[in-house]
Amino acid sequence: MTNLSAGPFRNEKALARLRKRRAADTRFRLYGLSAIGFALAALSLLVFSIGAQALSAATYHVVKYDVVLDAAVIAPKGKDTPDQISRNVDGFYSLVRENLKDTFPDARDDRRSSRELGELMTRLAVLPTARKVADNPTLMGQKITITAPLNDDLDLYLKGAASPQKKVKLGKVVSVEAETGRTYRLAGPAAFKVIESLVSAERFEVGDAVDRQSILLTTGATTGKISDVTTDSAVIDLLTGNADDFKGATPVARLIGIPQSERNVTDQQIAWTLALKDMGRISRVPHLSLLTHTDSTYPELAGALAAIVGSLLTMFVTAFIAVPIGIFASVYLEEFAPRNRVTEIIEVNINNLAAVPSIVFGLLGAAVFLGFFGLPRSAPLVGGLVLALLTLPTIIIASRAALKSVPPSIRAAALGVGASKMQSVFHHVLPLAGPGIFTGAILGMARALGETAPLLLIGMVAFVADVPSGPTDEATALPVLIYSWSTNAERAWEPMTAAVIVILLMFLIVMNGIVVLLRRRFERRW
Amino acid sequence: MESTVTSAPPATSPGTQANEPERLTFPRIECRDINVFYGDKQAIFDISLPIPDRSVTALIGPSGCGKSTFLRCLNRMNDTIESCRVEGQIIMDGENINDAAIDPVLLRSRVGMVFQKPNPFPKSIYDNISYGPRIHGLAASREDLDGMVEKSLRRAGLWEEVKDRLTAPANSLSGGQQQRLCIARAIAVQPEVILMDEPCSALDPVATARIEELIDELRKRYCIVIVTHSMQQAARVSQRTAFFHLGILVEMGETDQIFTNPRERRTEDYITGRFG
Ligand SMILES: Nc1ncnc2c1ncn2[C@@H]1O[C@H](COP(=O)(O)OP(=O)(O)OP(=O)(O)O)[C@@H](O)[C@H]1O
Ligand SMILES: [Mg+2]
């Protein structure tokens, strides 16, 4: 130590200063790391929660119905036009319902059961089949398999999202005795021990509320609802199937957390669904209709196609207007405009414009484009115009920054060999600034793609059931679709909304990917 | 281009420039009472300076004395600086090139410029050289253009080094090579005057020596004006030297005379390194 304090660079004071400086360095690094950590955590939380939600909407359950296309039902007049056939939803739906009734004959006699059974499939889900038959009348009279989405609430139930549920495997049932009506007593030594103790435990937790919960007992395609259970026996009301199936079986019991009265699906419907599943008629498939269908009031039929096309059309209009105007404005301001008061004021205003809340642009668009120019409401054309105004400042600012970053020596070199100002700009400066300008343009477009408020104000929130075919058609856009789906009450919209958010994020990721690519590829040193 | 020469004095036509002293008497460019202002600030005061053809004129002086500013007057590069205003006459081929009626773009094709820092376009070597001829429409065909590129590179002494990689990016060359490329680029548009603003300040002694050789070679064809901070360089490459101080032309004359026998005290102090 004495040795250290001797030298001119290593005395006590210098070392103390050094320690302090190092501590400050370390502290600063820690602050930086924790800031980044926080940002990353927030981001991954967001992505994770949306991703998990969306994942459940990435697949859905479809049911197969083998039906005979009875001409008397689907073309009752005998000489229906294809158009009439394609709109005969009732006819096609009754085929499906008959098929369900054939599968579950018990429901046939009872009005309420019959209606509940019909709810397994939405009427409108037969539309694709109707169109297919209308296009190809030779199918008439033939036997075909209709594959249609399961009711959204049952779909959620199968995905485990409709209600908390405890599922246990029971012991062997030895005897099945019929009691009154559809009531049966099942017995087997200690067969029901597991479910009995589960109910006791549940009662301990939620009190008498457990009595309102449903316990379904299932084996194969047969399901009953337990009304009384002891360790060795249980009394069930048969919901579907044949009670004798329980004999010798080891059934599965489901304790459904939410009481039937507070659910959108009845125990009966769950029983049928389980039966269909057991028959292999329900399968979980990729939810492609999310991309190929347009909006619908039924979540299982709804898709984002119209909104995707609407967004693309809107972006197209925006790009077509904002990018050239932005580039020309920035080139003029940066390369040609004299530096004086007027340009200064313009500059300040452009910067301010970039900070104007987007809803103001929406109001402006509604007043000017709809009110004054009388352009159609809800049209991508108007949306594109409004978003072009919105992105213009962003593009101009980014382009100017890109132009500024081209070293003046390049301009001097071009002028020095006798190029005109125009030539120096268009031959040298612009190509060098190009990647930067396009980065700015794409980032501006990405911002526009996610904008909701201005589009709401110009009426692009309408329910659009047809894919828009041009920029003046009624349309909606992805962020607006997210907004309107998220305000829907039904539970099934939640994962659907998340799925559309993911679609929107995909678009943004692709756009940002292009930006990164451009930067990588065209980054230059001078 | 020839059409702009309306009243060229016979003295400047090549035929009469037979011997050295006579050449110095008949200037290629005649500057009269040049005043340059940056906004309200005057950077150059009443400079009158004849610049002879087929020789090298060196501009020397302490930093900030207005050498670059003056040099930029000669090809109107000051026009690109917004606050800059140039007064006075710069006569070239009988015309005042400082006149608003003169197209600076045309002028710059006849008065080339080499900058302090090598500034090749971030393109290929070939494109760098061919850019000038192309925009001026000097080449009738692709072969013509190839020939011009080769000739310019040969004159700049770079051909042997780059002939196998004309399509390589110019930025891949060394600093000295880049500066010679810039000289070749200036030559390619067939100028009559070449302005060089400290062309060697970013180069090592070997590269500098090459450029100096090159300047000496180019002197036979062009009128060259060079700004330099190196007294040795001025003495080595120039025939005439002008010494600037605080925007004023203190002294000008034959390089030998300026360096061996300056008339002004300030010149002597500067050359001998007593200030600056
Ligand atoms: N663009 C400009 N705007 C305002 N003033 C300028 C500008 N360029 C040069 N000046 C001023 O003009 C004067 C002369 O500058 P100039 O660049 O010609 O000097 P120089 O002799 O070339 O100096 P150096 O040897 O350092 O290159 C300086 O006082 C400088 O501050
Ligand atoms: Mg200078």
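The values are calculated or read from the model by the stated rules, or taken from the named source; none is laboratory data. Note that the coordinates shown come from a computational prediction; the quantities given were computed from them, not determined experimentally. No Cβ is skipped: glycine too gets one built from the backbone with ideal geometry, and neighbour counts run over all protein chains shown. The accessibility values were calculated without ligands, DNA or RNA, using every heavy atom of the protein model including side chains. Shrake-Rupley method; radii C 1.70, N 1.55, O 1.52, S 1.80 Å.
Just counting partner chain Cβ atoms within 10 Å, what average do the residues of peptide A:403-416 show around their Cβ? Let's see the in-between values first.
Values: counts 0, 0, 0, 1, 3, 2, 6, 4, 2, 7, 12, 6, 9, 17.
Mean shielding by partner chains, rounded to a whole number: 5.
Need one number: buried accessible surface between chains B and A, 1.4 Å probe, both sides summed, DNA, RNA and ligands left out, in Å² to 100.
Accessible area lost upon association: around 1600 Å².
Taking amide H atoms as placed 1.01 Å from N in the peptide plane, list the residues 5 or more away in sequence, or in a different chain, whose amide H sits under 5 Å from that of residue B:88.
B:35
Roughly how many Å is it from the Cα centre of region A:480-526 to that of region A:287-358, as a whole number?
Between the Cα centre of region A:480-526 and that of region A:287-358, the gap is 15 Å.
Taking θ = phi - 60°, what integer Hz values does the Karplus form 6.51 cos²θ - 1.76 cosθ + 1.60 yield along region B:166-173, in sequence order, with x for Gly and Pro?
Per-residue couplings from phi come out as 5, 8, 6, x, 5, 5, 7, 7 Hz.
Send over a whole-number figure in Å² for the accessible area per residue of region A:63-149, probe 1.4 Å.
Heavy-atom accessible area per residue stands at 53 Å².
Work out from phi, with θ = phi - 60° and the Karplus expression 6.51 cos²θ - 1.76 cosθ + 1.60, the ³J(HN,Hα) of each residue of region A:435-445, listed in order in whole Hz, and give x for Gly and Pro.
Rounded to whole hertz, the list is x, x, 5, 5, 4, x, 4, 5, 5, x, 5.
Using DSSP H assignments, which helices in chain B have an axial alpha-carbon span of 15 Å or above and a mean Kyte-Doolittle hydropathy of -0.5 or higher?
B:175-188, B:205-218
Once the Cα atoms of the protein assembly as shown are picked out, what are the Rg and Dmax in Å?
When restricted to Cα atoms, the protein assembly as shown yields Rg and Dmax of 43.0, 136 Å.
Could you report chain B's accessible area per residue, 1.4 Å probe, as an integer in Å²? Let's see the in-between values first.
Numbers: 11890 Å² over 276 residues.
About 43 Å² of surface per residue is accessible.
Relative to the first principal axis of the alpha-carbon coordinates of chain A, what is the inclination of helix A:267-278, with its axis defined by its Cα atoms, in degrees from 0 to 90 and to the nearest 10?
That works out to roughly 80 degrees.
Let me have the 222 nm mean residue ellipticity of chain B computed from DSSP H runs of 4+ only, each contributing -39500 (n - 2.57), with the sum over all residues rounded to the nearest 500.
For chain B, the value works out to -10000 deg cm²/dmol.
Remind me, relative contact order of chain B in percent, using alpha carbon pairs under 8 angstrom and six or more residues apart?
Dividing the mean separation by the residue count of chain B yields 25 percent.
Using a Cα-Cα cut-off of under 13 Å, which aspartates and glutamates could be cross-linked to residue A:143, ignoring same-chain neighbours fewer than 8 residues away?
In chain and number order, the partners are A:66, A:70.
Listed here are the pairs A:64/A:132; A:172/A:247; A:101/A:247; A:169/A:193; A:169/A:247; A:64/A:225; which of them are more than 18 Å apart at the Cα? It would help to have the intermediate numbers written out before the result.
On the way: A:64/A:132 16 Å; A:172/A:247 8 Å; A:101/A:247 26 Å; A:169/A:193 10 Å; A:169/A:247 15 Å; A:64/A:225 26 Å.
From A:64/A:132; A:172/A:247; A:101/A:247; A:169/A:193; A:169/A:247; A:64/A:225, over 18 Å: A:101/A:247; A:64/A:225.
In peptide B:129-137, what is the residue-averaged number of other protein chain Cβ atoms found within 10 Å of each Cβ?
Whole-number average of other-chain Cβ neighbours for B:129-137 is 3.
Arrange the peptides A:311-321, A:31-41 so that the one whose residues have, on average, the most other Cβ atoms within 10 Å appears first.
Per-residue Cβ counts within 10 Å, averaged per peptide and sorted highest first, yield A:311-321, A:31-41.
In Å², what does the accessible area per residue of region A:305-522 work out to with a 1.4 Å probe?
44
Give me the percent of the accessible area of chain A that comes from carbon and sulfur atoms, probe 1.4 Å, all protein chains in place.
Numbers: 16340 of 26640 Å².
Carbon and sulfur together cover 61 percent of it.
Name the long-range amide H neighbours of residue B:124: under 5 Å, sequence gap of 5 or more, or other chain; modelled H, no Pro or chain starts.
For residue B:124, the qualifying residues are B:170.
In degrees, nearest 10, range 0 to 90: what is the angle between the Cα axis of helix A:12-58 and the longest Cα principal axis of chain A?
40
Under a no-solvent Debye model with one identical scatterer per Cα of region A:163-263, what's log10 I(q)/I(0) at q = 0.14, 0.15, 0.19 Å⁻¹?
After summing over all Cα pairs, the log10 values are -0.46, -0.53, -0.86.
Listed here are the pairs B:41/B:123; B:117/B:163; B:67/B:151; which of them are more than 27 Å apart at the Cα? Walk me through the intermediate numbers first.
Details: B:41/B:123 38 Å; B:117/B:163 23 Å; B:67/B:151 31 Å.
Correct reply: B:41/B:123; B:67/B:151.
Is there a simple number for the mean count of other chain Cβ atoms within 10 Å of the Cβ of residues in B:100-106, and what is it?
Shielding by partners across B:100-106 averages 2.
Starting from the amide H of residue B:28, placed 1.01 Å from N in the peptide plane, find each other amide H under 5 Å away whose residue is 5 or more places distant or on another chain.
Excluding prolines and chain starts, which carry no amide H, the hits are B:51, B:53.
Can you tell me the order of A:411-418, A:476-483, A:380-387, A:227-234 when each peptide is scored by its average per-residue count of other Cβ atoms within 10 angstrom, highest first? Intermediate values should be presented prior to the final figure.
Working: A:411-418: 23.5, A:476-483: 25.4, A:380-387: 27.0, A:227-234: 16.5.
Most protected by this proxy first, the peptides run A:380-387, A:476-483, A:411-418, A:227-234.
For region A:163-263, what is the charge dipole size about the Cα centre, in debye to the nearest 20, if Lys and Arg each add +1 at the Cβ and Asp and Glu each add -1 at the Cβ?
The dipole of region A:163-263 has a size of about 340 debye.
Residues with beta-carbon under 14 Å from that of residue A:495, excluding residue A:495: net charge, scoring Lys, Arg +1 and Asp, Glu -1?
-3
May I ask you to find the residues of region B:109-128 that are shielded by at least 40 Å² of accessible area once the whole protein assembly is considered instead of their isolated chain (probe 1.4 Å)?
Output list: B:119, B:121, B:122.
Over the alpha-carbon set of region A:453-505, work out the extent along each principal axis and list the three values in angstrom, largest first.
Largest to smallest, the principal-axis extents are 33, 20, 20 Å.
Measure out, as a whole number of angstrom, how far apart the alpha-carbon centroids of region A:128-189 and region A:432-463 sit.
First find each Cα centre; the distance between them is then 46 Å.
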